[in-house]
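The values are calculated or read from the model by the stated rules, or taken from the named source; none is laboratory data. In this text, all values refer to a predicted model and were calculated from it rather than measured experimentally. Quick reminder, even Gly has a Cβ in these numbers, built from the backbone with ideal geometry, and neighbours come from all protein chains shown. These area figures cover heavy atoms from the full protein model, side chains too; ligands, DNA and RNA do not enter into them. Shrake-Rupley method; radii C 1.70, N 1.55, O 1.52, S 1.80 Å.
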Amino acid sequence: MKYMNKFPAKGKFDGFGGQFVPETLMPALEELKKAYLKLKKDKKFKRELNYYLREYAGRPTPLYYAKRLSSQVGLKVYLKREDLLLGGAHKINNTLGQTLLATHMGKTRLIAETGAGQHGVATATAAAMFGLKCDVYMGTVDMERQKLNVFRMRLLGARVIPVKSGSCTLKDAVNEALRDWTTNVRTTHYLLGSVVGPHPYPMIVRDFQRVIGKETREQILNAEKRLPDAIVACVGGGSNAIGIFYDFLDDPVEFYGIEAGGKGLKTGKHAAPLCDGSGGVLHGSYSVVMQDKFGQILPTHSIAAGLDYPGVGPEHAFMKFQGRIHYDSVTDDEAMNAFKLLSETEGILPALESAHAIAYLKKMPRKFKGKLIVVNLSGRGDKDVEVAAKAMGVKM
Ligand SMILES: *Cc1c(COP(=O)(O)O)cnc(C)c1O
């Protein structure tokens, strides 16, 4: 079976995906889909986006041969350095793409949801650069936990709107953002942060993140004259993973998507719906989610704030059941060890999210011994130093 470009426009991946939203939102989603499919083919739009990715965000990012890490894990490892982008993670690929899309649609205002604050910051960044108004919905519990990112967004000229409903976290922020969009759709674009949500978002965000895989392909062919044996990436909502995997889907390359195993799958304290979840609807699409027997979404846990999400993009659910992508998890402790390992062997502090992918190098199936592996280093770890210190029992 060929996987690439198989399901762009319909929004259903063998039943996963779809648009589980109130009827009042359907016109907005329809308008967005039409505009996107038209602009996707527009050479001028592509050129414009490439310009901003290159001159503003810092693309292409290097594909770096990590020699000392390689000898530690017994593999030949290349790192795709998304940590070197503006903002320190891959998220800017998507927010720049969607913001440019919004301006072409004549929108003057962006709204976004954020949990850890990283997507809010990336949205506020793009809004500032294009001169758009920006309102970010954030649960009050998250605002307290992520004070620094709240301040960052405000520095970038965005308003952060506290959400005091439900559990005062990400899922409540999504609901408020959707409500806002329903009333203000004429002026406003809702900038979703990962390959989740109702169609067309999983398709749009994936397409804007595909640049990671496109560059990786060219770079590895240049460096090694061959494709890698496997590619490893961490999976929260799934955007950096699908972004690096996508352009290799029809090649003899294996993929490993690594979820947050938290304190271990058996404890229930994790954020690994692909490894330990079941089919359900969350945030407008049908995918796999962490839920109780009544379909209520369960609380999640991960040391990496960006992976701490009870759902995952529908295309990942599809790929799991197709068997095209392997999914596994690593624990908080394993991620912390990888955080230290990469810092000490290569002088690179990885984001705790990305440290999950690094940690998996030690758990790869034996058949990969000595083989060529690419890891998506989705972000840098400066934001995580405090959490790391706490986990290591260091007082700061
Ligand atoms: C947000 C984030 C993630 C998780 O999001 P995906 O959509 O799964 O990519 C991973 N790594 C970093 C550095 C992040 O900021």
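Above 13 angstrom, tally the Cα pairs of region 346-396 and express them as a % of all pairs, no decimals. Provide the component values of the computation, followed by the final result.
Working: 828 of 1275 pairs.
The calculated P(r) of region 346-396 puts 65 percent of pairs beyond 13 Å.
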Problem set entry | Descending Cα extents along the principal axes, region 204-281, whole Å | 44, 26, 18
For this session: Return the tail of the calculated pair distribution for region 1-88, meaning the percent of Cα-Cα pairs more than 17 Å apart.
Result: 72
Exercise. Going through the DSSP H helices of the chain, which span 15 Å or more along their own axis at the Cα atoms while scoring at least 1.6 as a mean Kyte-Doolittle hydropathy?
Worked result: none
For this session: Considering Cα pairs under 8 angstrom that are at least six residues apart, work out the relative contact order of the chain and quote it in whole percent.
Result: 19
Exercise. For region 11-24, in order, what is each residue's ³J(HN,Hα) by Karplus, 6.51 cos²θ - 1.76 cosθ + 1.60 with θ = phi - 60°, in whole Hz (x at glycine and Pro)?
Worked result: x, 10, 10, 6, x, 7, x, x, 9, 8, 10, x, 4, 4
Seminar exercise, completed: In Å², rounded to a whole number, the accessible area per residue of region 1-108 with probe 1.4 Å is 52
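Using a probe of 1.4 angstrom, how much of the accessible area of region 164-244 is carbon and sulfur, in percent?
Values: 1340 of 2630 Å².
With neighbouring chains kept in place, the figure for region 164-244 is 51 percent.
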Exercise. Which of rounded, prolate, oblate describes region 226-378, given a ≥ b ≥ c as roots of the alpha-carbon gyration tensor eigenvalues and a/c under 1.5 marking rounded, otherwise prolate only if a/b is larger than b/c?
Worked result: oblate
For this session: State in Å² the accessible area per residue of region 158-234; use a 1.4 Å probe, count heavy atoms of protein chains only, and round to the nearest integer.
Result: 37
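Which of the chymotrypsin sites (Phe, Trp or Tyr not before Pro) found in region 1-94 are loop residues per DSSP with 16 or fewer other Cβ atoms within 10 Å of their Cβ? All intermediate terms of the calculation are to be shown ahead of the outcome.
Numbers: sites: Y3, F13, F16, F20, Y36, F45, Y51, Y52, Y56, Y64, Y65, Y78; in loops: Y3, F20.
The qualifying sites are F20.
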Exercise. Are there trypsin sites (Lys or Arg not before Pro) in region 1-84 that DSSP marks as loop and that have at most 10 other Cβ atoms within 10 Å, and which are they?
Worked result: K2, K41
Exercise. Plugging the Kirkwood radius over Cα pairs into Stokes-Einstein for region 179-245, at a temperature of 4 °C and a viscosity of 1.567 mPa s, what D comes out in µm²/s?
Worked result: 94
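How much length, in nm to one decimal, is gained on full extension between S343 and K371, taken as 0.36 nm per residue of separation minus their Cα-Cα distance?
Numbers: separation 28, 0.36 × 28 = 10.08 nm, distance 2.26 nm.
Extra length from S343 to K371 when fully extended: 7.8 nm.
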Problem set entry | Highest to lowest packing among 372-379, 177-184, scored as the average C-beta count within 10 Å | 372-379, 177-184
Problem set entry | Rounded to the nearest 20 debye, dipole of the chain from Cβ charges on Lys, Arg, Asp, Glu | 820
Problem set entry | Segment R68-S278, extension gain: residue separation times 0.36 nm, minus the distance between their alpha carbons | 71.7 nm
Exercise. Within straight cross-link reach of K383, meaning Cα distance under 18 Å, which lysines are found once same-chain residues fewer than 8 apart are removed?
Worked result: K91, K147, K340, K395
Problem set entry | Percent carbon-and-sulfur accessible area, region 87-151, ignoring ligands, DNA and RNA, probe 1.4 Å | 57
Seminar exercise, completed: Quarter of the surface of the C-alpha convex hull for region 152-298, i.e. direction-averaged projected area in nm², equals 12.2
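If you build the Cα gyration tensor of region 124-174 and take the root of 5 times each eigenvalue, what three semi-axes come out, in whole angstrom, biggest first? Write down the numbers at each step before the final one.
Values: eigenvalues 88, 26, 9 Å².
Ellipsoid half-lengths, sorted descending, are 21, 12, 7 Å.
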For this session: Summarise the accessible area of region 1-75 (1.4 Å probe, protein heavy atoms) by the percent that is carbon and sulfur.
Result: 53
Problem set entry | Projected-area mean, the chain, by convex hull of Cα positions, square nanometres | 18.2
For this session: Mind checking the full-extension length gain between Y51 and K362? Use 0.36 nm per residue of separation minus the Cα-Cα distance, one decimal, nm.
Result: 108.1 nm
For this session: Show the residues, 5+ positions off or on another chain, whose built amide H is closer than 5 Å to the amide H of M4.
Result: D250
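Using the Cα centre as the reference, give the magnitude of the dipole from point charges on the C-beta atoms of region 195-271 (Lys, Arg: +1; Asp, Glu: -1; all else neutral), rounded to the nearest 20 debye. Mind showing how you got there, number by number?
Details: 9 positive and 10 negative charges, 82 e Å.
Charge dipole, region 195-271, about its Cα centre: 400 debye, nearest 20.
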For this session: List, in the order given, every pair from K269/K371; K2/K363; K80/K369 whose Cα-Cα distance in the structure shown is over 26 Å.
Result: K269/K371; K2/K363
